[in-house]
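In what follows, a single structure is set out as structure tokens and then discussed.
The values are calculated or read from the model by the stated rules, or taken from the named source; none is laboratory data. It should be emphasised that the depicted structure is a prediction, and the values quoted were computed from it without experimental measurement. Every residue, glycine among them, receives a Cβ derived from its backbone with ideal geometry; neighbour counts consider all protein chains shown. What goes into the accessible areas is simple: the full protein's heavy atoms, side chains included, and nothing from ligands, DNA or RNA. Shrake-Rupley method; radii C 1.70, N 1.55, O 1.52, S 1.80 Å.
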Amino acid sequence: MSNPPNPPEWVKSSYSGNGGGNCLEFAPSVAAITGQVPVRDSKLLEGSPVLSFGDSQWTAFVSFTKDQGI
């Protein structure tokens with residue numbers, strides 16, 4: 001198994017707007033290698049806490065938000 005990129009490449013969610021509201025970024029390159037999806041607040045890039053979700057947890061979260069229209 002390869003090592004994840006350091007620093008990871010962060011991708012802003014397509015549902016994040018430019019109005020300064022609730023925005024998040026995730027690191028798909030890390031997820032592809034480790035099976036863990038790192039997520040952070042896109043407004044607090046430096047020093048932002050990073051949450052990490054397993055593949056099945058991330059899939060459930062994304063499905064829920066789509067179902068709720070979030």
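Pairing each residue of the range 56-70 that is under 16 Å from SER14 (Cβ atoms) with any residue that is at pLDDT 90 or above, provided the two are 6+ apart or on different chains, yields C-beta distances under 7 Å for TRP58/VAL37; PHE61/PHE53.
Quickly run through the range 1-21 and pick out the residues that are modelled with pLDDT of 85 or more, open to solvent by 80 Å² or more (accessible area, probe 1.4 Å) and over 18 Å from LYS66 (Cα atoms). The one that is modelled with pLDDT of 85 or more, open to solvent by 80 Å² or more (accessible area, probe 1.4 Å) and over 18 Å from LYS66 (Cα atoms): GLU9. Among residues of the range 22-50 that are exposed (fewer than 15 other Cβ atoms within 10 Å of the Cβ), those with a beta-carbon under 7 Å from a residue that is in a helix (DSSP H, G or I) at least six positions away or on a different chain give the pairs GLY35/ASP55.
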